[in-house]
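**Student:** The structure under discussion is supplied below as structure tokens; questions concerning it will follow.
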Amino acid sequence: MTSRVGAKGQVVIPKDLRDRTGLHPGAEVEFELRGDVLVLVTHSGPTELAGRFANSGMASRLLADRDAEPR
């Protein structure tokens, strides 16, 4: 898959790749330069909850709700 860099340096990540990697608006990514290759590294998975919410199951319920929302 190819894409073009826009005037502001932005590139659209194809939907298939976003879906397969779990990228969504607001997701954190990291850029690495490996020789002459630019690599986009995704940071997937929810952040661990701590304190009184650590074992509440709240994170899984919130993620399930988010997955059910139309995008």
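**Student:** I want to confirm something. Restricting to the stretch 1-19 and keeping residues that are among the basic types (Lys, Arg) and in a helix (DSSP H, G or I), which single residue is nearest to the chain's Cα centre (by Cα)?
**Tutor:** Step one: of the stretch 1-19, the residues among the basic types (Lys, Arg) are 4, 8, 15, 18.
Add one more test, that the residue is in a helix (DSSP H, G or I), and what stays is 15, 18.
Details: Lys15: 12, Arg18: 7 Å.
Result: Arg18.
**Student:** Just to verify a result, which residue in the stretch 42-62, among those that are surrounded by 10 or more Cβ atoms within 10 Å (Cβ to Cβ) and not in a loop (DSSP other than H, G, I, E, B), is modelled with the lowest pLDDT?
**Tutor:** It comes out as Phe53.
**Student:** Okay, next question. Of everything in the stretch 10-31, what is farther than 24 Å from Arg66 by Cβ and either among the hydrophobic types (A, V, I, L, M, F, W, C) or modelled with pLDDT of 95 or more (or both)? Give them in sequence order. Let's see the steps before the verdict.
**Tutor:** Step one: filter the stretch 10-31 for residues farther than 24 Å from Arg66 by Cβ, giving 10-11, 31.
Passing the criteria: Val11, Phe31.
The values are calculated or read from the model by the stated rules, or taken from the named source; none is laboratory data. Since the structure is predicted, the reported quantities are computational estimates derived from the model, not experimental observations. Using ideal geometry, Cβ is built from the backbone for each residue, glycine included, and neighbour counts are taken over all protein chains shown.
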